[in-house]
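Since every read-out is calculated from the coordinates, none of them should be taken as a lab result. Bear in mind that the values here come from a model prediction, so they are computed numbers and not experimental data. Note: ideal-geometry Cβ built from the backbone for every residue, glycine included; neighbour counts use all protein chains shown.
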Amino acid sequence: MSNWIEIAALEDIPRLGARVVKTDTMDVAVFRTRDDQVFALKDACPHKQGPLSQGIVSGTTVTCPMHNWKIDLEKGCALGPDEGCTNVFRTKVENGKVYLAI
Amino acid sequence: MKEKLVLVGNGMAGVRTLEELLKLDPERYEITVFGAEPYPNYNRIMLSPVLAGEKTVDDIILNDRDWYESNGITLHTGDPVVRIDRAARKVITESGLEAGYDRLLLATGSNPFIIPVPGHDKEGVIGFRDIADVNTMLEASKRYQKAVVIGGGLLGLEAANGLMKNGMDVTVVHLMDILMERQLDRPAAELLKQSLEERGMKFLMETQTAEVLGDDRVSGLKFADGSEIEADLVVMAVGIRPNIELAQTAGIHCERGIVVNDTMQTYDPRIYAVGECVQHRGLTYGLVAPLFEQAKVAANHLAQLGFARYEGSVTSTKLKVTGIDLFSAGEFNEQEGDETLVLQDPAAGVYKKLVVRDNRIKGAVLYGDTMDGTWYFQLLRDGTDISAFRSTILFGQHDLGDAGHGDETRVAALSDDAEICGCNGVCKGEIIDAIVTKGLFTLDDVKAHTKAASSCGSCTGLVEAILASTVGDGYDATPSKKPLCGCTEYSHDEVIAGIKEHQLKTMDAVRSFFEWKNPDGCAACRPALNYYLLAYWPGEYHDDPQSRFINERAHGNIQKDGTYSVVPRMFGGLCTPAELRAIADVAEKYNVPEMKVTGGQRIDLFGIKKEDLPAVWKDLSEAGFVSGHAYGKALRTVKTCAGKNWCRFGTQDSTGLGVKLEELTWGSWMPHKFKLAVSGCPRNCAEATIKDFGVVCVDSGYELHVGGNGGIKVRVTDLLCKVETEEEVLEYCGAFIQKYREEAHYLERTAPWVERVGLDYIKQAIVEDEAQRKALYERFKYSQQFAQIDPWKQRAEGEEANEFQPIKITAA
Ligand SMILES: Cc1cc2nc3c(=O)[nH]c(=O)nc-3n(C[C@H](O)[C@H](O)[C@H](O)COP(=O)(O)OP(=O)(O)OC[C@H]3O[C@@H](n4cnc5c(N)ncnc54)[C@H](O)[C@@H]3O)c2cc1C
Ligand code: HEM
Ligand code: SF4
Ligand code: FES
């Protein structure tokens, strides 16, 4: 059962960048890649809860600003040699609008 | 139910054991502590400074009562344990309290040895052991004049020094013919005696006490040779005796101390002992370092981990008499067949001796200059072969850097538990372990696996050295070139040259020209390329916020908790009441939890939420402030001293010049952070000689210094040249900055850059080649046109709003 919420226009998220979506319980980072794919992760690095939304995006990974862990945007997991995963949320883009399933 | 642990002896070794235990297993025991003294655990070592009036009792408390409480420890002070009932497994105190135990830890320390001569129990005869003794001495010093200290060892001399500082006339009586014979050889002991005599201390050497004279209170001493001396206070500091009475009466096996095995266990397996009361492998100890090692081992076994072993310690000593530097360790008196390395400079009052056997340091005595004591001690403990640097070893560790193998030898000198990366708390042993077990070969691998050198990077050299010494020949320490990052084979220099020569003006152009493996680049090369393009094509290249580290993207320093700090620029550190008021208003309006004056003479506002940043900046910018760039690889601050306008030593207007320099340079992006300072005279109050560019004013003009920095590896600047006018200062400064901006590698500070290219190269370009200097200066001023646009004001006016505005969704 999914619950799509419209969050923003695609162009409101910078290419190779992210926006923070604040819900009642947590922050979600919504990323946009160079080729306009959109991914959403809990905005907390599996290492020490660093804000992933503030990291540098390249390809489909984001580098955490705190201690440089690389997190895969699709799976939410740290790339070797580090270990750990954060939560992943589904997203879709329709007619230039970004939707998030929470 | 939890097991019960009872500690008898609320002193340094016992409480340290509890601290170590709480780290390992905070929940295992219900802990009760009994201490004879009416205080929580304090730093006994610091009694000497307390006696000398340099510290107070409050200063030396190590664990206050809150500490015991918050760790759930029951503390009974002023109530010594008088009996251990091993059959019933309980202890009984003087006041009649009883406490049962599953494990008992004895840490009763030691007692001062009081020589049993007739009259030794008269009033005014004391030892030097605890706060009560210090109080007795301080009281005596108020009412009496003459003090005699028996014992010319470490403790006796510290007591004598303290009493002298309290105005007493002090004589030290010593049995041997040299002072501190257990720590010093004859030449060092003579130097020490001489300088204490200069301070007014008197000595009776080779003198044996026979009797304490007086009625109720001591009035003097009589010696074995029949002579006498007056005394109103006698401090006996002739040694300590492990305090084993309690253990002995409980039938626990004791010799000189309570006998323990390598796990700090006594002959009763439920009872452990640590500290000065202990005898381990035939030895007792009277210094804290070995006791702390014992504490670690005892804690390990109390936590039932069961693997740590105590195998004895080598100790070193320092004398804590302010103004006298003295260090000794190991076998400092040479034996037949040993070599000694000696450096003597009587005029400077310096004496250093190392005892060497088979190219390894066995002992050290240092007097007057003890800077390298810890290093020699490390070499001694690790048994390092010193043949490679024995000809310079007496000049100290810092001398090695110049020999070209600084880092590697430094690293060899460190023990496995030496912390290499302070930011991430990574020790040498962990790094070696990762290299060996995971088969790492490159610096990047080591960074990735251990996190060492991955935060501030200042330990990179050490990490490389460890890698080199661990991997040995497999690691090519200086690869012919180092790729810029994992995305490319090309080096910083090649990329910089390519950007210039092939007119590469966008990041994509650079990446495709150099055939980057990864089309977006990575978190390492994106900020570097963004900087290079910005530096080469001012006005043409558009800054890419997504290629900047978060601090530079958000124009504030991200803090641990995700909030930001804001540092407004105050040119040259000057400010007006109105500006301060404006800052204060902002701080109140946005509930800034903490403010601080920074090392660079600015005001830092901490704890601002990201969403609030644009509004904070708006208020600041309306009050006339621009960004202080305290967050960026950019021009940080120009620090200035009072200067000629106010200071009686000032030779030039250092403050005014600082303001001009900051007006010229602010806003400039750099390969790394860049700091300036201007001092009004060679007293150098603005610390200009540890800045990237420092100006020291002299009567005849301005000395320009370059390539310094503070921080972990302090580097003092090199003198670039001297100039005569302020205009020249500005021109040389701008040219130096531009040379650095154009040629240094991204994240290379001026200090390593200057070392890499050589001071001569920079002098040639800036001082000797006038045409080049002027061209550099022009290019700098040109690029400043585009750089001196306040990023805060732009964002206050709405630029990059998405960066700061979160999207909010709430459950309907
Ligand atoms: C003036 C001075 C200067 C010093 N300077 C240095 C220095 O520079 N460097 C250095 O390394 N070392 C120095 N030392 C030595 C260092 O302080 C000791 O080695 C260390 O404090 C010993 O720790 P401990 O826990 O074994 O004993 P203590 O710290 O003495 O603790 C033992 C505690 O147990 C209590 N106790 C004893 N019996 C009982 C009982 N039956 N019931 C309850 N409580 C009991 C005692 O009252 C005491 O508080 C100095 C010592 C003194 C006195
Ligand atoms: C992300 C890392 C860092 C941040 C965010 C940071 C931030 C700051 C800030 C805000 C100041 C005060 C600014 C000013 O007024 O000059 C400062 C000062 C200082 N920093 Fe850092 N710093 C960092 C890393 C380092 C490192 C790695 C070193 C040393 C190698 C260092 C050494 C100093 C020194 C010595 C000062 C005082 C400067 C002076 O007295 O002029 N900092 N830093
Ligand atoms: S550096 Fe010289 S001029 Fe400046 S405050 Fe210090 S003493 Fe005065
Ligand atoms: S919190 Fe992300 S790398 Fe440490």
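Once both labels are positioned 7 Å from their Cα atoms along Cα-to-Cβ, the gap between B:A771 and B:H253 label points is 9.0 nm. Residue by residue along A:56-68, Cβ atoms of other protein chains within 10 Å of the local Cβ number 6 on average. The C-alpha atoms of chain B define a longest principal axis, and helix B:428-438 lies at about 60 degrees to it. Taking the C-alpha atoms only, the angle from helix B:131-143 to the longest principal axis of chain B is near 80 degrees. Shown is the FRET efficiency for B:R381 and A:K97, computed with R0 = 56 Å from the Cβ-Cβ distance and rounded to the nearest 0.05: 0.25.
In the structure shown, the pairs B:K447/B:K713; A:K22/B:K505; A:K70/A:K92 are assessed against 28 Å; a Cα-Cα span above that value is assigned to A:K22/B:K505. Scaling against 2.2 N^0.38 Å puts the C-alpha radius of gyration of region B:633-785 at 0.95. Rounded to the nearest whole Hz, the Karplus-based 3J(HN,Hα) values (6.51 cos²θ - 1.76 cosθ + 1.60, θ = phi - 60°) of region B:352-360 follow the sequence 9, 9, 10, 9, 10, 10, 6, 6, 10, with x at glycine and proline. For the set B:K428/B:K675; B:K673/B:K781; B:K4/B:K296, the pairs lying more than 23 angstrom apart at their alpha carbons are B:K428/B:K675.
From the P(r) of chain B, can you give the percent of Cα pairs sitting at distances over 36 Å? Tail of the P(r) past 36 Å holds 61 percent of the pairs.
What is the Cα centroid distance between region A:42-102 and region B:100-163, reported in whole angstrom? First find each Cα centre; the distance between them is then 64 Å.
All other residues with a Cβ under 14 Å from the Cβ of B:A578 taken together, and with Lys, Arg as +1 and Asp, Glu as -1, what is their net charge? Value of the local net charge: -3.
In summary, region B:125-238 shows an alpha-carbon radius of gyration equal to 1.00 times the 2.2 N^0.38 Å reference for compact globular proteins. Can you classify the protein assembly as shown as rounded, prolate or oblate using the Cα gyration tensor, where a ≥ b ≥ c are the square roots of its eigenvalues, rounded means a/c under 1.5, and otherwise it's prolate if a/b beats b/c and oblate if not? Verdict is prolate for the protein assembly as shown. For chain A, the alpha-carbon coordinates run over 38, 28, 19 Å along the three principal axes, in decreasing order. For B:S110, nonlocal amide neighbours, meaning residues 5 or more places apart or on other chains whose placed amide H falls under 5 Å from its own, are B:N243. Across region A:15-20, coupling constants 3J(HN,Hα) worked out from phi with the 6.51/-1.76/1.60 Karplus curve, θ = phi - 60°, read 4, 6, x, 8, 10, 9 Hz, and Gly and Pro carry x.
Among B:Y68, B:Y351, the order by Cβ neighbours within 10 angstrom, fewest to most, reads B:Y68, B:Y351. Each of B:G226, B:M176, B:V238 was placed along the dipole of region B:125-238 (beta-carbon charges, centred on the mean Cα), and the one lying farthest toward the positive end is B:V238.
Of the GluC sites (Glu not before Pro) found in region B:658-721, those in coil by DSSP whose Cβ has at most 16 other Cβ atoms within 10 Å are B:E687. For region B:628-740, the dipole from Cβ point charges (+1 on Lys and Arg, -1 on Asp and Glu) about the Cα centre works out to 620 debye, to the nearest 20.
Counting Lys and Arg as +1 and Asp and Glu as -1 over every other residue whose Cβ lies under 14 Å from the Cβ of B:G306, the net charge comes to +2. Close amide H contacts of B:D520 (hydrogens built in the peptide plane, cut-off under 5 Å, sequence separation of 5 or more or a different chain): A:G59. In sequence order, region B:772-788 has phi-based couplings of 5, 4, 5, 5, 4, 4, 4, 4, 5, 5, 4, 5, 5, 3, 8, 8, 8 Hz under the Karplus curve 6.51 cos²θ - 1.76 cosθ + 1.60, θ = phi - 60°, and Gly or Pro positions carry x. Under 5 Å between amide hydrogens, built in the peptide plane, is the criterion, and for A:G50 it picks out A:C45 among residues at least 5 positions away or on other chains. Sorted ascending by nearby beta carbons within 10 Å, beginning with the fewest, B:C487, A:C77 become A:C77, B:C487.
Spacing of the modelled spin labels on B:K517 and B:N591, each 7 Å from Cα toward Cβ, amounts to 4.9 nm. Per-residue extension of 0.36 nm, minus the Cα-Cα distance of B:D262 and B:D417, leaves a gain of 53.8 nm for this segment.
Short to long, the 10 Å bins of the Cα pair-distance histogram for region B:492-548 hold 25, 63, 12 percent of all pairs.
With a Förster radius of 30 Å applied to the C-beta separation of B:R182 and B:D85, the computed FRET efficiency comes to 0.15. Other residues whose C-beta falls under 9 angstrom from the C-beta of B:D338 contribute a net charge of -2, scoring Lys and Arg +1 and Asp and Glu -1. Most simply put, region B:633-785 has about 60% antiparallel DSSP beta bridges, counting only bridges with both residues inside it. Taking a straight Cα-Cα cut-off under 14 Å and skipping sequence neighbours fewer than 8 places away in the same chain, the aspartates and glutamates within cross-link reach of B:K146 are B:D169, B:E228, B:E230, B:D232.
A DSSP coil position with no more than 13 other Cβ atoms inside 10 Å describes the following chymotrypsin sites (Phe, Trp or Tyr not before Pro) in region B:293-335: B:F307. For the protein assembly as shown, the Cβ-based charge dipole about the Cα centre amounts to some 1480 debye (Lys, Arg positive; Asp, Glu negative; other atoms uncharged). Among B:V274, B:V626, the ranking by other beta carbons within 10 Å of each residue's beta carbon, starting with the fewest, stands as B:V626, B:V274.
Compared with the dominant Cα axis of chain B, that is its longest principal axis, helix B:288-302 is turned about 90°. Shielding by partners for peptide B:746-757, expressed as the average number of C-beta atoms from other protein chains within 10 Å of each residue's C-beta, is 0. The charge dipole of chain B, taken about the Cα centre with unit charges on the Cβ atoms of Lys, Arg (+1) and Asp, Glu (-1), comes to about 1100 debye, rounded to the nearest 20. Bridging of B:K618 to lysines at a Cα separation below 19 Å is possible for B:K589, B:K609, B:K610, B:K793, once same-chain residues fewer than 8 apart are set aside.
I want to make sure I understand the PRE zone here: with the label point 7 angstrom from the Cα of B:K500 toward its beta carbon, which residues in region B:671-687 have backbone N atoms less than 19 Å away? It comes to B:671-672, nothing else.
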